[in-house]
Structure formats: C-alpha cells, structure tokens
Amino acid sequence: MDCRSRLVCVTGASGYVASWLVKLLLLNGYTVKGTVRDLGKAGKVAHLKALEGAQERLQLFEADLIEEGSLDSIIHDCVGLFHTASPVLYSISDPQQWYWLAKTLAEQTAVKYAAQNGIDLVVMNPGFVIGPLLQPTLNASSHFILDIIKGKKIFPDYQFVDVRDVASAHVMALEDSSANGRYILVESSVDHYEAVQILHELVNPSHNNPYQNVTGNLTVKVSKKKAESLGLNFIPMEVSFKDMIETLRHKNFLHIWKRRDQC
Ligand SMILES: NC(=O)c1ccc[n+]([C@@H]2O[C@H](COP(=O)([O-])OP(=O)(O)OC[C@H]3O[C@@H](n4cnc5c(N)ncnc54)[C@H](OP(=O)(O)O)[C@@H]3O)[C@@H](O)[C@H]2O)c1
C-alpha cells in the first residue's frame with residue numbers, strides 16, 4: 001500500500017518516541033496531524049515545527065486522552081493513527097506497577113475494539129527506549145539512563161532498543177499490509193552491570209567503574225525475527241548509547257546531573 005502523501009495522526013507528538021516518528025513521517029512525505037495537550041507551551045512544540053517538511057505538512061492540534069472523544073474530529077480523515085501518547089506515568093517507586101497494568105489493559109482494550117470495529121491494528125511493544133532526544137525535556141527512559149549512570153539499579157536487566165528503530169518500525173508496519181499482531185522491539189538485552197559499564201565508558205572513561213568485575217544474570221532474551229520481517233535492521237545498542245549521551249551532553253542534562261551529584 002502506498003501511503004505516501006496521505007494523512008496520518010500521531011498522538012502525544014511532542015514525546016520522545018513520537019517526535020522521531022513525526023520526523024520520519026515528514027521525511028517520507030506524509031502529512032501529519034500531531035496532537036499535544038497544550039499548544040500554548042511553545043517550548044514543547046518548537047522542535048516539531050523546526051523539522052524538515054513541518055511548515056508544509058505538519059498540523060498540530062490539542063487533545064487530552066482523558067477527555068472521551070477528544071481525538072474523534074482529528075482522526076476522522078486519517079489513513080493511519082500512531083497512538084504513542086501515554087496518560088500513565090512510568091514509575092518504579094510504585095510497588096503495584098500501575099504502569100505495566102495500564103499498558104496491558106490499554107493493549108487488550110485496543111485489540112478488542114479493533115476486532116469489533118474492523119480496524120487493522122498493529123501493536124508495537126518496545127523495550128527500554130534509548131538513543132538521541134529531539135525533544136527539549138527528559139522523558140522517563142532518559143531519566144532512568146541518568147539514574148543508571150549515577151549507579152541506581154532500575155531493573156536487574158534491560159532490553160534496549162533505539163528510538164529511531166521504534167519510529168521506523170511504526171512506519172514500516174503502516175506500509176506493510178502483511179504486518180499483524182504484536183511486535184516486540186528489542187535490540188540487546190544486558191544486565192544492569194554491563195549497562196553501567198557501557199555508560200561509564202562513554203560518560204567518564206577515566207573514572208573507575210565500581211562494577212567492572214561484577215556480572216549479573218540475564219532473565220529475558222527477545223527474538224528479533226518478527227521485527228526484522230518488517231525490514232527493520234536494528235541499530236546496535238552501543239551506537240544508540242553513544243548518540244544518546246551526545247544529545248544529553250549537548251542539551252546540558254549530563255552537566256546538570258553532575259552538578260547535582262556533587263551537591
Ligand atoms: N520510553 C520507553 O522506554 C518506552 C518503553 C516502552 C513503551 N513506551 C511507550 O511509548 C510511548 C511513548 O513513550 P515516550 O518515552 O516517548 O514518552 P514521553 O516522551 O513521555 O511521551 C508521552 C506523551 O504522552 C503525552 N500524554 C501524557 N498524558 C496525556 C494525556 N492525558 N493526553 C494526551 N497526551 C498525553 C505527553 O504529552 P505532554 O507533552 O502533553 O505531557 C507526552 O508527549 C508511551 O505510550 C510509553 O508508555 C515507552
């Protein structure tokens with residue numbers, strides 16, 4: 001199916017994943033309707049307006065998912081909807097893991113609704129998303145990377161995937177009529193100590209890594225086969241981290257983190 005130059009919608013357009021998705025869609029010739037909660041916050045959308053093709057083919061709308069029907073008038077003429085907005089906060093301090101529950105229930109509800117209404121639904125489940133940031137603020141997973149650099153153990157192991165691959169997989173799924181069901185997007189699974197080591201070498205190679213000789217256990221391994229069947233050629237984790245650290249440094253987040261750490 002040739003969807004180029006057609007109209008698509010991206011919810012939560014100013015977010016980490018969505019910003020890359022909007023960028024890729026514009027580069028591929030799509031006209032994009034992006035939704036944000038507050039168009040008055042110029043700082044949140046400036047990076048979207050500066051994207052190549054944005055002046056001609058990006059339209060921004062206000063929509064809050066908590067308000068029922070808020071998307072109806074925006075998506076009615078779109079050939080595709082990329083639903084990346086998440087009204088649930090990712091919090092590891094929450095022992096009941098509401099985030100995981102909310103995401104699972106949302107997926108189940110979407111699958112049921114799509115089946116009942118003849119909608120062609122494809123689900124993308126990325127692992128821990130890393131890679132360069134387009135947006136000016138930190139999202140939850142970038143926050144976690146700063147915490148890991150600082151030595152905080154977020155999880156025993158991590159399943160990393162590059163944000164650019166997550167965006168590409170979404171577009172590939174729209175363009176491939178055989179795309180179906182759920183895609184798990186993971187490039188590399190590493191234990192916490194290996195992640196610390198890779199990050200330390202990038203951020204502060206001269207500093208002694210306290211976990212140099214410590215190894216952990218990998219609990220999860222994920223097959224890449226289904227995602228690769230879309231045509232996805234995963235960016236290696238080391239490249240994702242290198243590019244991510246570069247943007248974190250460029251946007252002054254590493255600097256802020258270091259200052260805080262010294263207080
Ligand atoms: N990052 C990861 O490691 C990761 C891993 C697996 C899955 N995911 C999922 O991927 C999606 C994108 O994640 P991300 O890392 O790009 O997150 P993000 O940067 O925080 O973006 C999430 C977006 O959701 C919007 N949003 C929040 N509440 C909303 C509401 N009530 N109505 C409308 N929009 C709302 C936010 O808009 P505002 O700008 O208005 O706040 C924000 O732009 C999420 O569904 C997340 O759960 C992410």
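The values are calculated or read from the model by the stated rules, or taken from the named source; none is laboratory data. Everything quoted here is computed from the prediction, not taken from an experiment. Cβ sites come from the backbone with ideal geometry, for glycine too, and all protein chains shown count toward neighbours. SASA here: full protein model, heavy atoms, side chains in, ligands and nucleic acids out. Shrake-Rupley method; radii C 1.70, N 1.55, O 1.52, S 1.80 Å.
At-a-glance table
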item	result
Residue count for the range 29-43, restricted to those that are charged (D, E, K, R) and near the ligand (Cβ under 7 Å from one of its atoms)	2
Tally, over the range 4-13, of residues that are within 12 Å of Lys33 (Cα to Cα) and either open to solvent by 20 Å² or more (accessible area, probe 1.4 Å) or at pLDDT below 95 (or both)	3
The listed residue being under 28 Å from Gly127 (Cα atoms) and either of a type in the set (Asp, Glu) or in contact with a strand residue (DSSP E or B) (Cβ under 9 Å, 6 or more places away or on another chain) (or both), out of Leu27, Leu21	Leu21
Index of the failed condition, Leu202 passing every other in (1) out of contact with any Lys or Arg (no Cβ under 9 Å at 6 or more places or on another chain); (2) of a type outside the set (Lys, Arg); (3) open to solvent by 40 Å² or more (accessible area, probe 1.4 Å)	(1)
Qualifying residues in the range 44-70 (those that are more than 14 Å from the ligand (Cβ to nearest atom) and of a type in the set (A, V, I, L, M, F, W, C)) - the one least open to solvent (accessible area, probe 1.4 Å)	Ala54
Selected residue (criterion: most open to solvent (accessible area, probe 1.4 Å)) from residues of the range 14-43 that are under 15 Å from Val166 (Cβ atoms) and of a type in the set (Phe, Trp, Tyr)	Trp20
Residue pairs meeting the criteria (Cβ under 8 Å; at least 6 apart or on separate chains; first open to solvent by 90 Å² or more (accessible area, probe 1.4 Å), in the range 103-121; second of a type outside the set (Val, Ile, Thr))	Asp120/Ala114
Restricting the range 122-160 to residues that are farther than 24 Å from Lys44 by Cβ and near the ligand (Cβ under 8 Å from one of its atoms), the residue that is surrounded by the most Cβ atoms within 10 Å (Cβ to Cβ)	Gly127
